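*Asks:* Provided herewith is a single structure, encoded as structure tokens, for subsequent inquiry.
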Amino acid sequence: MSYVKEVYQSIAAKNSHEPEFLQAVEEVLATIEPAVEKDPIYRQNAILERITEPDRMIMFRVPWVDDKGNIQVNRGYRVQFNNAIGPYKGGIRLHPSVNLSIIKFLGFEQIFKNALTGLPIGGGKGGSDFDPKGKSDREVMAFCQSFMTELYRHIGADVDVPAGDIGTGAREIGYMYGQYKRITSLYEGVLTGKGLTYGGSLARKEATGFGLVYMTEEMLKSKGNTIAGKTVVVSGSGNVATYACEKAQQLGAKVVAMSDSNGWVFDKDGIDIAAIKQIKEVERKRISEYVNYRPQAEYHTDGRIWDVPCDVALPCATQNELHLSDAETLIKNGVMAVCEGANMPSTPDAIHKLQSSGIFFVPGKAANAGGVAVSALEMSQNSMRLSWTFDEVDQRLKGIMAGIFGQLKGVCDEFGFGDNYVAGANIAGFKKVATSMIAHGAV
Ligand code: NDP
């Protein structure tokens, strides 16, 4: 049995109750197999056994008092997965579905994504099963302060630097930063995605969505094509989806559908991004409100957003939101490219179907790396006590996304993988981290 298969079997036995984590590990291990089997150094250094086991997993009680005076208790997580190339870096997810398997899958993916950015950041992830939806500002603050009251002892500007993710935006980062500062007396870049008045970076809010579209454009350009004039479907209507939609439209595409967890809207004339921002960022309401701004648009709670014909699909909501049947529908309707804004939004059989049908597919760990890349630029600005202009950050982001695509292509060419950018991303990220782990010895 190959080294890769041997290790996967042992991980599957040890973590059998963690389906999302196993899904992520299986995908990475299966695609890096040619590189790992080619060089005995990885086996000699037990790299696969080490890279799939987090450095540490922290789980804690998060008690807080709701507006009725009742004590609520959530569970908090921080998985510090791998710091071979820099301090742990990865977001905090606040969503009722959060469990250890999901945080481990996200932390594992983050190792390779962060390596691809070319910046010195390791992999980590955190979160809680707290649901900010429908909570008052005071309740969100109470939760965030309690969460940080435990987390602060495990993080630091050179140790572990959390950021936003699903359910964690500028408001939540602000409350967490305030509590960290109060407890430690340190004014340091311990969180990214901060507000612009206290150390945040211009273009961080836009970075993941913009980066996704830069990557899509870079990939299409390599095929002599462009996103201009294309019809695009974007799932989700949160941070990533909103700015992916905005940038796609700026580059001349027409985005015709967006969603939230209750339903999706179709606007044949192109999504009104100002309306989406008003509904989601200002009023924190449901996407069903969109038809009040655009009466010609349709709101659906049945069917799938992927039923809408498009040239380019950008899944930007959550994991496993694009299934095999969705991939089949997209292909039937003539899709040309699927680029992932969310983390692991496509199921393995959907990815296989897309790739084997000749659809260009860029996985999340490469396509959504713009967010963490600009977070690392926020860390640099904080360390230098400087702020760069929007354009300066945006230009660096563009360069980083082009650099990532170059790495993917380089690996595909080296191993004869054609357009298998999943394998390209995994091998490029893996090699960098593994080389560093080997240099550090058996630690
Ligand atoms: P947000 O919370 O801002 O938005 C998430 C969006 O997805 C919302 O529209 C939400 O709808 C929808 N959604 C969330 N969970 C589900 C679900 N279970 N089913 C259906 N829809 C769902 O999060 P982000 O935009 O920050 O994150 C989106 C994805 O991108 C995640 O996978 C995240 O890990 C990934 N990502 C984010 C980065 C960032 O910088 N923010 C960086 C890299 C990756 P509703 O409001 O109804 O819940």
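The values are calculated or read from the model by the stated rules, or taken from the named source; none is laboratory data. These figures come from a predicted structure and were not determined experimentally. We place every Cβ from the backbone using ideal geometry, glycine too, and count neighbours over all the protein chains shown. Remember, those area values only see protein heavy atoms, side chains included, never the ligands or the DNA or RNA. Shrake-Rupley method; radii C 1.70, N 1.55, O 1.52, S 1.80 Å.
*Asks:* Within the stretch 37-61, how many residues turn out to be under 28 Å from the mean Cα position of the chain (by Cα) and either over 30 Å from E150 (Cα atoms) or of a type in the set (G, A, S) (or both)?
*Replies:* Here the count works out to 4.
*Asks:* Out of the residues in the stretch 288-304 that are polar (S, T, N, Q) and either outside any loop (DSSP other than H, G, I, E, B) or in contact with a Pro (Cβ under 9 Å, 6 or more places away or on another chain) (or both), state the one that is farthest from the ligand (Cβ to nearest atom).
*Replies:* N292
*Asks:* Report whether or not L202 is touching a strand residue (DSSP E or B) at 6+ places or on another chain (Cβ under 7 Å) and surrounded by 18 or more Cβ atoms within 10 Å (Cβ to Cβ).
*Replies:* Judged against the criteria, L202 is not a match.
*Asks:* Hey, G270 hits all of (1) among the small types (G, A, S); (2) away from the ligand (no atom under 16 Å from the Cβ); (3) more than 19 Å from R304 (Cα to Cα); (4) open to solvent by less than 30 Å² (accessible area, probe 1.4 Å) but one; which does it fall short on?
*Replies:* (3)
*Asks:* Tell me, yes or no, whether the stretch 346-357 has at least one residue that is buried (at least 24 other Cβ atoms within 10 Å of the Cβ), within 14 Å of the chain's Cα centre (by Cα) and within 16 Å of the ligand (Cβ to nearest atom).
*Replies:* For the stretch 346-357, residues buried (at least 24 other Cβ atoms within 10 Å of the Cβ), within 14 Å of the chain's Cα centre (by Cα) and within 16 Å of the ligand (Cβ to nearest atom): present.
*Asks:* Kindly indicate the residue of the stretch 305-337 that is within 19 Å of D260 (Cα to Cα) and touching a Phe, Trp or Tyr at 6+ places or on another chain (Cβ under 8 Å) and also nearest to the ligand (Cβ to nearest atom) among those meeting that condition.
*Replies:* This residue is Q319.
*Asks:* Does any residue in the stretch 151-170 that is more than 9 Å from L191 (Cα to Cα) and within 13 Å of the ligand (Cβ to nearest atom) come within less than 8 Å, Cβ to Cβ, of a residue that is part of a loop (DSSP other than H, G, I, E, B) and among the hydroxyl-bearing types (S, T, Y) six or more places away or on a different chain, and which pairs are these?
*Replies:* Cβ pairs passing all conditions: I166/T318.
*Asks:* Being assigned to a helix (DSSP H, G or I) and away from the ligand (no atom under 15 Å from the Cβ) narrows it down to one of E109, E49, so name that one.
*Replies:* Every option except E49 fails the conditions.
*Asks:* For the stretch 214-267, enumerate the residues that are small (G, A, S), surrounded by fewer than 20 Cβ atoms within 10 Å (Cβ to Cβ) and more than 15 Å from the ligand (Cβ to nearest atom).
*Replies:* Within the stretch 214-267, S222, G224, A228, G229, G252 qualify.
*Asks:* Something else now. So, in the stretch 368-389, of the ones that are assigned to a helix (DSSP H, G or I) and open to solvent by 70 Å² or more (accessible area, probe 1.4 Å), which residue ends up farthest from the ligand (Cβ to nearest atom)?
*Replies:* M384
*Asks:* A follow-up question, please. Report yes if I183 is touching a helix residue (DSSP H, G or I) at 6+ places or on another chain (Cβ under 6 Å), farther than 17 Å from G76 by Cα and more than 16 Å from the ligand (Cβ to nearest atom), otherwise no.
*Replies:* Against the criterion (touching a helix residue (DSSP H, G or I) at 6+ places or on another chain (Cβ under 6 Å), farther than 17 Å from G76 by Cα and more than 16 Å from the ligand (Cβ to nearest atom)), I183 qualifies.
*Asks:* Hey, can you tell me all the residues within the stretch 195-238 that are over 28 Å from G424 (Cβ atoms), in contact with a Lys or Arg (Cβ under 8 Å, 6 or more places away or on another chain) and of a type outside the set (S, T, N, Q)?
*Replies:* The one that is over 28 Å from G424 (Cβ atoms), in contact with a Lys or Arg (Cβ under 8 Å, 6 or more places away or on another chain) and of a type outside the set (S, T, N, Q): G200.
*Asks:* Listed residues A425, A434, A402; which is in contact (Cβ under 8 Å) with a residue 40 or more places away in the chain, more than 29 Å from I331 (Cα to Cα), open to solvent by less than 40 Å² (accessible area, probe 1.4 Å) and of a type in the set (G, A, S)?
*Replies:* None of the others qualify; the one that does is A434.
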